[in-house]
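The next block holds one structure in the form of structure tokens; read it before the comments.
Read-outs: derived from the displayed coordinates by stated rules, not from any lab. Here the structure is a predicted model, which is why all the values come from computation and not from measurement. Using ideal geometry, Cβ is built from the backbone for each residue, glycine included, and neighbour counts are taken over all protein chains shown.
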Amino acid sequence: MIRCLYIVLLGGILLTAPAVATDLMNRKVSIQTGDAACQNVPLEIPVEDAEVPEAFAVKNSETGTLYPATLCGGKLVFVVDALGANAQVLAEVLPVEKTDSTVPRVHIAKHSDEDVLDVQVDGVLFTRFHYGVQWKKPFLWPIKTEGGVGVTRDFPMEVESTPKIARDHPHQKSLWSAYGDVNGTDFWAEGVDAGNQRVKDVTFGSGDACGWIRSLSHWENKEGVPLLEETREYRIYATPENGRLLDVRVVLKAAQGEVLLKDTKEGGIVAVRMNPAICHAKAVITNAHGDKGEKTAWGKPSAWCDFSGEMPEAGWRGIAIFDHAANLRHPTCWHVRNYGLMAANPFGYSFFIEEAYNKGLIPENGDYTIAAGGELVFNYRVFVHSGTAEEAAVAARYREYAEPPKVGFVE
């Protein structure tokens, strides 16, 4: 079942609800930064039962800059391009003029003949969401960086574009979420005994600050018996091509009874498989501690992890994943390998503790039980960037995620 909701700001798509209410219009907004400058940072303010005109933005009252805005999931979301340290900014929510020919900056559309959603940012393809029954799990592929360069592996969706040496682990599909032991069923690998993530519902929407994809999946064992329900949201922001931002929210619900997530390294609540051109000897793995390489980063708890390398004729490209401070067992451990895997795994302690640097740092076992009817919520940010981790200022981008500028309505 597919449902599409367009809430388009600064764009030309009509709202599905009456666009006459102005309860948000002319509201004053206060933005206050901390000790560091910020750039291209998404901000949000909760709103209740708000209706908006067909086009609006948040205007910086001092500079006149229009920040793209979207009403998304009960929140006013807008993206601030740049603010200095210790800045206090007053802004205002205002309607803006639109034309019928424009499309939202983040535009999501379904293929007419297959279960695939295209995600474009400023008219350029960023990624596609694949959720058809031919796949054991839904995933995002490709992940495009500056210049249209794909930063994740094409295999097994496309074979010939991937060198034979990198045609391994076919279950590792670009960017996905999965875990290897759920009540005894493997949802990570894709063998004959593996489970399936069956997508039951997908909704999506477009906007000038962000677009979103929300899916409901049943994680079923090989007999088709559901073991848990998963809701997933991808929120894609209108940021420059050399620094795309994607927020991932995964909610695991024990709707059919108690769920045991048993300790294994084979899993990633968010995982990526990188382009072979920047793997093995070319791989540069960096974590929040400044550790470099698989030998010091594998299994180590860290607030973020980055995988990057220099691509022929394209330059340096990479992906960083940020672990939200409210996530279970933050900072998470990382199942990250030079061959191209990077996965956030907060459960595989019995494997990760084998490393000397983890002795005394993490428990010996990572089993976790979700009580019947309960749920486990994870939030991450994925930063797709040009340049090295240092050139892309990954640490600063994580800080903006962990400690964003303070924002709220002025009453």
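If only the Cβ of Lys and Arg carry +1 and only the Cβ of Asp and Glu carry -1, the dipole of the chain around its Cα centre is close to 440 debye.
Cross-link partners for Lys253 among the lysines, with Cα-Cα distance under 16 Å and sequence neighbours closer than 8 places in the same chain left out: Lys200, Lys262. Across the chain, C-alpha contacts under 8 Å between residues 6 or more apart give a mean separation that, scaled by the residue count, equals a relative contact order of 16 percent.
Report the Rg/Rh value for segment 242-329, based on alpha-carbon coordinates and the Kirkwood definition of Rh. Write out the running numbers ahead of the final one.
Values: Rg = 15.6 Å, Rh = 15.3 Å.
Here the Rg-to-Rh quotient is 1.02.
What's the magnitude of the charge dipole for segment 289-411 around its Cα centre, counting Lys and Arg as +1 and Asp and Glu as -1 at the beta-carbon? Answer in Debye, nearest 20.
Working: 11 positive and 16 negative charges, 14 e Å.
Using Cβ point charges on Lys, Arg, Asp and Glu, segment 289-411 gives about 60 debye.
With viscosity set to 0.890 mPa s and temperature to 25 °C, compute the Stokes-Einstein D of segment 198-276, Rh being the Kirkwood radius across alpha carbon pairs; µm²/s, no decimals. Answer, rounded: 165 µm²/s.
If Lys and Arg each add +1 and Asp and Glu each add -1, what is the summed charge of the other residues whose beta carbon sits under 15 Å from the beta carbon of Arg27? Write down the numbers at each step before the final one.
Details: positive: Lys28, Lys59, Lys75; negative: Asp23, Glu44, Glu48, Asp49, Glu51, Glu92, Glu411.
Overall, the nearby charge balance is -4.
Between Gln134 and Val96, what FRET efficiency comes out of the Förster formula 1/(1 + (r/R0)^6) with R0 = 30 Å and r the beta carbon distance, rounded to 0.05? Taking R0 as 30 Å, the efficiency between Val96 and Gln134 is 0.10. Along segment 242-248, what does the Karplus equation 6.51 cos²θ - 1.76 cosθ + 1.60 (θ = phi - 60°) give for ³J(HN,Hα), rounded to whole Hz, x for Gly and Pro? Values, residue by residue: 7, x, 6, 10, 9, 8, 10 Hz. With no solvent and one point on each alpha carbon, what is the Debye value of log10 I(q)/I(0) for segment 308-370 at q = 0.18, 0.28 Å⁻¹? Cα-only, vacuum Debye calculation for segment 308-370: -0.76, -1.27.
Rounded to whole Å, the principal axis extents of the Cα atoms in the chain read 56, 44, 44, largest first. Amide H to amide H, with H built 1.01 Å from N, Thr332 comes under 5 Å of Ser302, counting only residues 5 or more places away or on other chains.
In plain terms, the bigger the Kirkwood radius, the slower the diffusion; for segment 310-411, with that radius from Cα pairs, at 37 °C and 0.692 mPa s, Stokes-Einstein puts D at 200 µm²/s.
The alpha carbon centroids of segment 78-126 and segment 38-53 are separated by 12 Å.
Can you work out the PRE-style zone for Ser30? Point 7 Å along Cα to Cβ, and I want the residues of segment 63-102 with backbone N under 15 Å. Residues passing the 15 Å test: 87-92.
Stokes-Einstein at 4 °C, 1.567 mPa s, Kirkwood radius from Cα pairs: D for segment 90-181 in µm² s⁻¹?
Details: Rh = 15.7 Å.
In µm²/s, the coefficient is 83.
Near the amide H of Met311, within less than 5 Å, lie the amide hydrogens of Trp316, Arg317, all on another chain or at least 5 residues away, with H placed in the peptide plane.
The residue list Gln172, Cys305, Asn221 was ranked by how far each Cα lies along the charge dipole of segment 106-404 toward its positive end, using unit charges on Cβ atoms, and Cys305 comes out on top.
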